[in-house]
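Take a look at the structure below.
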Amino acid sequence: MPTAPSLRTPARLPLVAPSILSADFGALADDCRHAVECGADALHLDVMDGHFVPNLTMGPALCAGLSRALPGVLLDVHLMVSHPAMFVEPFAAAGAHHFTFHIEAVPGVQGVRDLVAAIHARGMTAGLAINPPTPFAAIEPVLSVPDMILVMSVNPGFSGQSFIESALETTRAVAGRLRSDQRLEMDGGISPANAARVREAGCDMLVAASAFFGRPRQERAGVIASLRG
Ligand code: DX5
Ligand code: ZN
């Protein structure tokens with residue numbers, strides 16, 4: 001049986017993860033299969049609850065469908081929800097490989113440790129996300145705990161927003177503090193125009209929704225190559 005893909009031991013870096021939030025939901029598996037053929041290392045699933053952020057998107061059933069349609073493709077699930085612990089088991093059962101939650105939803109050191117342990121116990125890697133207005137000090141005490149730090153470069157809720165430059169400062173503060181088996185992901189407003197600066201700030205995993213799925217199919221492999229650099 002092939003080994004499940006893991007962010008801890010990537011075949012190459014940086015990783016590029018198209019966010020399916022901008023995919024064609026009427027042809028989702030086909031759009032995602034094409035993304036993998038274009039060189040995507042993972043698919044990024046933006047889960048929103050209408051409470052932590054003002055939008056509703058997708059849940060475990062959609063994740064399970066993609067897992068069936070594209071077995072072996074790393075599913076990077078980003079929980080923008082107020083109660084992420086509720087969804088560890090459902091997403092693990094749905095075939096997710098990676099589960100990111102927000103420091104703004106789980107602010108205490110012990111809460112972060114406990115949730116990361118629960119995610120690991122269900123066989124997934126764990127990510128901790130920080131929103132643009134949240135100070136770096138909020139994640140500093142727990143930097144070593146998750147397998148990935150996700151620095152948001154938009155206020156979460158929607159794809160297609162403009163990149164927030166100050167997120168690069170947070171990225172620089174995080175980079176250099178991580179072990180080699182920890183990933184540093186950035187998400188929001190990333191495109192071929194700013195990807196080099198994102199990578200130079202220390203990011204080794206880039207998410208893009210509109211800059212990838214918003215382009216015609218024949219351009220998408222080129223977008224991934226530009227994001228990877
Ligand atoms: C934002 C989501 C992002 C979003 C990125 O709330 O977490 O993953 O889909 O979209 P773009 O790349 O279009 O900014
Ligand atoms: Zn996201």
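The values are calculated or read from the model by the stated rules, or taken from the named source; none is laboratory data. Since this is a predicted model, take the numbers as computed values, not measurements. When the accessible area is computed, the model is the full protein with side chains, heavy atoms only, and any ligands, DNA or RNA have been set aside. Shrake-Rupley method; radii C 1.70, N 1.55, O 1.52, S 1.80 Å.
Across the stretch 33-38, computed HN-Hα scalar couplings (Karplus, 6.51 cos²θ - 1.76 cosθ + 1.60, θ = phi - 60°) run 4, 5, 4, 5, 5, 7 Hz from first to last residue, x flagging Gly and Pro. In the elastic network of the chain, a GNM with C-alpha springs shorter than 10 Å, the most mobile of Ala96, Ala138, Ala27 is Ala27. Using θ = phi - 60° in the Karplus curve 6.51 cos²θ - 1.76 cosθ + 1.60, the 3J(HN,Hα) couplings for the stretch 76-82 round to 9, 9, 10, 8, 9, 9, 6 Hz; x is entered for Gly and Pro. Taken over the alpha carbons of the chain as equal point scatterers, the Debye sum produces base-10 log I(q)/I(0) values at 0.07, 0.08 Å⁻¹ of -0.18, -0.24. On a per residue basis, the stretch 68-168 carries 36 Å² of accessible surface, using protein heavy atoms and a 1.4 Å probe.
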